[in-house]
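Engineer: So that we are looking at the same thing, I have put the structure below in C-alpha cells.
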Amino acid sequence: MTMDRSLAALGLDDVPAKQPLTYPGRPTPGPSLLTGDELLELGVRRLRLGEWYVDEQRQLDETLKELGQAVTGRRHPVVSVGSNASPGQVAHKLTRLGIPATVPMVPVRVRGIAVGCSGHISPAGYVAGTPYVDRGAETTLVVTWLDSTQLKAVDDTEFPDYQRAILPGDAFPMTMPSGERLGGAYIYFSTHGVLADPDTLRPRPGGGDQSALLASLLEASHGLRELLGPDPATWVERAGADRDLRERGTLLFGQEGWVLPQTEFLPYVDDSPVLRLYDDLPPLEDSLPVPAPGF
C-alpha cells in the first residue's frame, strides 16, 4: 500500500500565517521534496542533492524536470529559520501567489548559528524567530532550495523586517546528511535585533512554543499586558488585526530594554543583483566522501 504523503496526513499542514499560535509550525522531519500539498521522501546518496532519489524511484533532478521545475543546481539554498522550515507555511506562501510549491527541503547541521526571537511583532501577530551568531552553537536547520521566482516571493514576505545575508561555508560549516559541506547558503536575519532574556541578558531562545513565549512576555511587562493582554490568544488576535498595536508593542520591547542589536551578519549582507545558485557554491573540498555521523 502506498503511504499517504499529503501534508495533512503527515500532520505538517499547520500554517502559522493563519494560525499564529502554531508558529513556527512543524519543520520537515527529514530530507524531502515539497510538491504542492505532498511531502515526498528523499533518499540520501553520497552525491550532490540533484542525484538523491525521490521515493526510491528516480533522481531528484529528473523528477524536477518532469514537473517542469528548475533543477537543484539552478536553485538558491536558503537556511530557513522559523516558519520557512515548515512545509505547510512554505506551501501557503507560494500557492497563494500562484507559484508552484515545489521545493527540496533538507535538515542540515549548521555551526555558528543559534535561533532567537526577533525584536518585533510580525504582521500575523506572533513573535517570529531569527538567527543570531553564536560560534559555539551547532543547530539542525532546514535548508530550502528555492528557484528565482520562489526566492523573490519569500523576499517579499521577509523585507523590510528581515535582511538576506549569504553565509560562507568556511565560516559557518553546513553539513548535509550526505556529508557534503555546503559552500554557502542564504539566510534571513531580523533588522529589529534579538530579544534578550531579562535575567541573563543573553538572547532568548526562539522557535519553541509561541503561547508560552507570549505568556512570558506578558508576565514580564505591565505595558504589554495593557496593550495586548491578558493572554496569548488575545495578543495574536489584537496584534494581527492592528498595525498600530504591533508597532507600539515593538516599541515596548525596546523600552523594556529587551532588544539586543544584530551586527554580526552585516558583513555577509547580500545586496548583489546576481543571485548565487547551488551550482555557484561548490561543496568545500573533499567533503562528500567524509561520513556524516548522526544522520
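The values are calculated or read from the model by the stated rules, or taken from the named source; none is laboratory data. Note that this is a predicted model, so its numbers are computed, not measured. FYI the Cβ positions are ideal-geometry reconstructions off the backbone, even for glycines, and counts take in every protein chain you see. The accessibility values were calculated without ligands, DNA or RNA, using every heavy atom of the protein model including side chains. Shrake-Rupley method; radii C 1.70, N 1.55, O 1.52, S 1.80 Å.
Engineer: Looking at Q57, Q69, which one is modelled with pLDDT under 95, open to solvent by 10 Å² or more (accessible area, probe 1.4 Å) and not β-branched (V, I, T)?
Structural biologist: On the way: Q69 fails: modelled with pLDDT under 95.
Of the residues listed, the single one that is modelled with pLDDT under 95, open to solvent by 10 Å² or more (accessible area, probe 1.4 Å) and not β-branched (V, I, T) is Q57.
Engineer: Restricted to the range 128-137, and to residues that are of a type outside the set (S, T, N, Q) and closer than 17 Å to R202 by Cβ, which residue is most open to solvent (accessible area, probe 1.4 Å)? Give the steps one after another, and end with the answer.
Structural biologist: First, pick out the residues of the range 128-137 that are of a type outside the set (S, T, N, Q): 128-129, 131-137.
This time we only want the ones that are closer than 17 Å to R202 by Cβ, so: 129, 131-137.
Working: G129: 6, P131: 1, Y132: 30, V133: 26, D134: 44, R135: 139, G136: 77, A137: 18 Å².
The qualifying residue most open to solvent (accessible area, probe 1.4 Å) is R135.
Engineer: Pairs only if they're at least six apart or on different chains, beta carbon under 6 angstrom, first in the range 109-127 and among the β-branched types (V, I, T), second open to solvent by 10 Å² or more (accessible area, probe 1.4 Å) and in a strand (DSSP E or B); list them, first residue then second.
Structural biologist: Close Cβ pairs satisfying both conditions: V110/T139; V110/L141; I113/T139.
Engineer: How do the pairs read when you match residues in the range 48-69 that are of a type in the set (V, I, T) with residues anywhere that are open to solvent by 60 Å² or more (accessible area, probe 1.4 Å) and modelled with pLDDT of 95 or more, using Cβ under 9 Å and keeping only pairs 6 or more apart or on different chains?
Structural biologist: Matching pairs, first to second residue: V54/E41; V54/E62; T63/Y53.
Engineer: A further question on this structure: Confirm whether L251 is open to solvent by less than 60 Å² (accessible area, probe 1.4 Å), more than 30 Å from T72 (Cα to Cα) and either at pLDDT 95 or above or outside any helix (DSSP H, G or I) (or both). Working first, answer last.
Structural biologist: On the way: open to solvent by less than 60 Å² (accessible area, probe 1.4 Å): no; more than 30 Å from T72 (Cα to Cα): yes; either at pLDDT 95 or above or outside any helix (DSSP H, G or I) (or both): yes.
In short, no.
Engineer: Quick check: anything in the range 113-124 hydroxyl-bearing (S, T, Y), crowded, with 17+ Cβ neighbours inside 10 Å, part of a loop (DSSP other than H, G, I, E, B) and modelled with pLDDT of 95 or more?
Structural biologist: yes
Engineer: Within the range 138-163, can you find the residues that are open to solvent by less than 20 Å² (accessible area, probe 1.4 Å) and over 24 Å from Q19 (Cβ atoms)?
Structural biologist: Correct list: V143, W145, L151.
Engineer: Which condition number does L97 fail, the rest of (1) in a loop (DSSP other than H, G, I, E, B); (2) buried (at least 21 other Cβ atoms within 10 Å of the Cβ) being met?
Structural biologist: Result: L97 passes all but (2).
Engineer: Let me ask another. Cβ-Cβ under 8 Å, sequence separation 6+ or interchain: first residue in the range 253-271 and free of Cβ contacts under 8 Å to residues at least 60 places away in the same chain and on the phi < 0 side of the Ramachandran plot, partner of a type in the set (A, V, I, L, M) and open to solvent by 40 Å² or more (accessible area, probe 1.4 Å). Which pairs?
Structural biologist: Qualifying pairs under 8 Å: E256/A220.
Engineer: From L195, L213, grab the single residue that is open to solvent by 20 Å² or more (accessible area, probe 1.4 Å), touching a Gly at 6+ places or on another chain (Cβ under 9 Å) and not in a loop (DSSP other than H, G, I, E, B).
Structural biologist: Numbers: L195 fails: open to solvent by 20 Å² or more (accessible area, probe 1.4 Å).
Testing whether each residue is open to solvent by 20 Å² or more (accessible area, probe 1.4 Å), touching a Gly at 6+ places or on another chain (Cβ under 9 Å) and not in a loop (DSSP other than H, G, I, E, B) leaves just L213.
Engineer: Considering only the range 20-44, state which residues are in a loop (DSSP other than H, G, I, E, B) and surrounded by 16 or more Cβ atoms within 10 Å (Cβ to Cβ). Steps first, answer last, please.
Structural biologist: Within the range 20-44, the subset in a loop (DSSP other than H, G, I, E, B) is 23-31, 36-37, 44.
Across the range 20-44, the qualifying residues are Y23, P24, G25, R26, P27, T28, P31, D37, V44.
Engineer: Failed condition for V90, given (1) surrounded by fewer than 21 Cβ atoms within 10 Å (Cβ to Cβ); (2) touching a residue at least 24 places away in the same chain (Cβ under 8 Å), with all others met?
Structural biologist: Here V90 meets the rest and fails (1).
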